[in-house]
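Rule-based calculations on the coordinates, nothing more; no lab input. It should be emphasised that the depicted structure is a prediction, and the values quoted were computed from it without experimental measurement. Here the Cβ is made from the backbone with ideal geometry for all residues, glycine too, and neighbour counts use every protein chain on show.
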Amino acid sequence: MVSGLLASLSLFASLIGLAYHPARLIPVALLLALLATAMGGRDNRLALVALGTGAVCFVIGMTVAVITANPIF
């Protein structure tokens, strides 16, 4: 139950990090997703989705921030 809450919080933070300072929010979201994965075990699909989404959002967010010359931090 707690791992699902952490995973959903991680998804939210990853998606918000795309629009607002990706280097601040997305690493925290990835840590939350890793914690949710560790708590939930291998069968927790939401935590795995949160981890994958965080990784994709990190790459896209950093790429967009660098291309548009927006602040990363």
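Please rank Thr53, Thr63, fewest neighbouring Cβ atoms within 10 Å first, as an exposure proxy.
On the way: Thr53 19, Thr63 11.
Ordered from fewest to most neighbouring Cβ atoms within 10 Å, Thr53, Thr63 come out as Thr63, Thr53.
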Quiz prompt | Of the chymotrypsin sites (Phe, Trp or Tyr not before Pro) in region 1-61, those whose Cβ has at most 13 other Cβ within 10 Å and which sit in DSSP loop | solution = Tyr20
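From the helices alone, meaning DSSP H stretches of at least four residues, give me the mean residue ellipticity at 222 nm for the chain, per-run term -39500 (n - 2.57), in deg cm²/dmol to the nearest 500. Please list the in-between numbers first.
Working: 3 runs with 60 residues, N = 73.
Value at 222 nm, helices only: -28500 deg cm²/dmol.
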Exercise. Would you work out the relative contact order for the chain, in percent, from Cα pairs under 8 angstrom that are 6 or more residues apart?
Key: 40 percent
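Go through the chain and name the trypsin sites (Lys or Arg not before Pro) that are in a DSSP coil and have 16 or fewer other Cβ atoms within 10 Å of their Cβ. Could you put the intermediate results ahead of the total?
Details: sites: Arg24, Arg42, Arg45; in loops: Arg42.
Those satisfying the criteria are Arg42.
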Quiz item: Pulled fully out, how much extra length does the chain show between Ala38 and His21, if you take 0.36 nm times their separation in residues and subtract their Cα-Cα distance?
Solution: 3.5 nm
Quiz item: How far is helix 45-67 tilted, in degrees, relative to the longest principal axis of the Cα atoms in the chain, given as a value from 0 to 90 rounded to the nearest 10?
Solution: 10 degrees
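Two-decimal Rg/Rh of the chain from alpha-carbon positions, Kirkwood Rh?
1.04
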Practice problem: Report, to the nearest 10°, how far helix 2-19 tilts away from the longest principal axis of the Cα atoms in the chain, using its own Cα long axis and a range of 0 to 90°. | Solution: 10 degrees
